[in-house]
Amino acid sequence: MAAWSHDGALALIALAWLRSTSASAEPSEPPPAPVIAPRVEIHGFVSEGAYAQTANDYFGSRSRAGLELFEAGVNVSTEVADRLRVGLQLFARDLGSIRDASPRIDWAFLDYKWQRWLGLRAGIIKMPFGLYNEYVDIDAARLPILLPSSVYPIRDRDVLLSHTGFDLHGSHDLGAGGEIDYELWLGTLTIPRTALQLSPGASLDGVNTRYVAGGQLFWRPPLDGLRVGATALRTSIDFHVGLDPALVAALVAAGLVAAGYDGKLVISQRPVHLLIGSAEYSHGDWVLAAEYSRWRTHQRSDVSALSPTFDRDAEKFYAMATYQLTSELAVGGYYSVFNADVDDQPQAYAQPSDAFQRDAAATLRFDVNDHWLWKLEGHYMDGTASLPIEYNTKPDRRWGLFLLRTTVTF
């Protein structure tokens, strides 16, 4: 009996221990769900290059050759909530007289995608002008070093890249008819002080962009690789100019202004209309693109004797073709035309060649790997319409421009 009682007591103790450990292993409530941090995407690029010119000064560097062909940017984006994304890019460049040496905010926005057909952005937002304006700041996303300057002028990059305001966007499936993408935007522009070319003795004191409004519609038909679209933009800008005392005195002596003139001048561009039609077709290793644009400006001032009223209708167009020879090597070229005034008013220009510019360009791109590339590009120019006047007092009509650039992305 004693032996049985001892063994039975051990069994009871073991059973009680097993029950206590199994009970403690089962939690009284489920563990909290793991917290997953939003995925943050960080990308960037650094480009450096060199250029040489046979004549004239395209970049405003006062040199026929140089190494002032630097650009760098870093961007951060993440999805902070369901269907809500935020992003920001800092950008700096040094292209001759076109300098943003201190990093500036290229874009910074909130993007809420409510449905496929309707999304809303707010902040500093890229403007979808034409086919490639949204990629003009990313060298690795395109073949040319310089996009066709007629439609994508390098000196207007900071003006046309983005606006501050709001943007509605979306896509709609047309079934057998393909698909349409659209964007509508309203806001203001950031205008650099170099946007208005002034005479000696005058300075730009400030710029007021009253508004910018626009829209873009692209149709992707059932034919794979084809997209056709149009963009329209309207803006109103006031330039506040100050004249130095010596110039004011000369104007008073010439009888162009009254004796009490304070030297303040407002030059208004109201309105400015930018219209562009676009088409792109990708097939295999080929990409063909063409765009036609008209930029219409009505300009007046509060002192007409100093800055008379005028209307200008500029015509801009190009055709471009690129071909991917191998996975590492691509070639391409374009022919770009810029007519400063489609009505052809030669009296407004010192030389007839100042009213137009034709640009025949060819590019070779070599990708060393997924993050490093080289480009070589040549331009034959006829006309001087896009040259900065202050650096080209007596420009040659025909000239050449050659560029070499390397870009690293991450």
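Nothing in this text is a laboratory measurement; each read-out follows from the coordinates by a stated rule. This one's a predicted model, so the numbers in the text were calculated from it and none came from an experiment. When we count neighbours, we look across all protein chains shown, and the Cβ atoms used for this are built from the backbone with ideal geometry, even at glycine.
Observations on the model:
- Cα shape, the stretch 362-410, gyration tensor, a/c 1.5 rule: prolate
- Shown in residue order for the stretch 157-164 are the 3J(HN,Hα) couplings computed by the Karplus curve 6.51 cos²θ - 1.76 cosθ + 1.60 at θ = phi - 60°: 4, 5, 6, 8, 5, 8, 9, 9 Hz (x for Gly and Pro).
- Loop sites here are trypsin sites (Lys or Arg not before Pro) outside DSSP states H, G, I, E and B with no more than 15 other Cβ atoms within 10 Å. The longest part of the chain free of them is 194-410.
- When you restrict to C-alpha pairs under 8 Å that are six or more residues apart and normalise by the size of the chain, the relative contact order lands at 13 percent.
- Between Ala319 and Phe402, residue separation times 0.36 nm minus the direct Cα-Cα distance comes to 27.9 nm.
- Computed FRET value (nearest 0.05) for Leu84 with Asp311, which takes r as the C-beta separation and R₀ as 60 Å: 0.85
- The GluC sites (Glu not before Pro) of the stretch 284-374 meeting both criteria, a DSSP state outside H, G, I, E and B (loop) and at most 12 other C-beta atoms within 10 angstrom of the site's C-beta, are Glu328.
- Net +/- balance of residues flanking Trp117 in space, Cβ distance below 14 Å, scoring K and R +1, D and E -1: -1
- Net charge of neighbours whose Cβ lies under 10 Å from the Cβ of Ile145, counting Lys and Arg as +1 and Asp and Glu as -1: +2
- Rounded, prolate or oblate (a/c below 1.5 giving rounded, otherwise prolate when a/b exceeds b/c) for the stretch 211-326 by Cα gyration tensor: prolate
- Formal net charge of residues neighbouring Ser336 (Cβ-Cβ distance under 14 Å; K, R +1; D, E -1): -3
- Candidate values (1) 22.1; (2) 25.0; (3) 22.8, label of the one derived for Kirkwood radius over Cα pairs in Å: (2)
- Global form of the stretch 129-174, assessed from the alpha-carbon gyration tensor, a/c cut-off 1.5: oblate
- Degrees separating the helix 2-25 axis from the principal Cα axis of the chain, which is the longest one: 10 degrees
- Shown in residue order for the stretch 359-368 are the 3J(HN,Hα) couplings computed by the Karplus curve 6.51 cos²θ - 1.76 cosθ + 1.60 at θ = phi - 60°: 10, 9, 10, 9, 9, 10, 10, 10, 8, 5 Hz (x for Gly and Pro).
- The phi torsions of the stretch 271-276, fed into the Karplus equation with coefficients 6.51, -1.76 and 1.60 and a -60° offset, translate into couplings of x, 10, 10, 10, 10, 8 Hz, rounded to whole numbers, with Gly and Pro shown as x.
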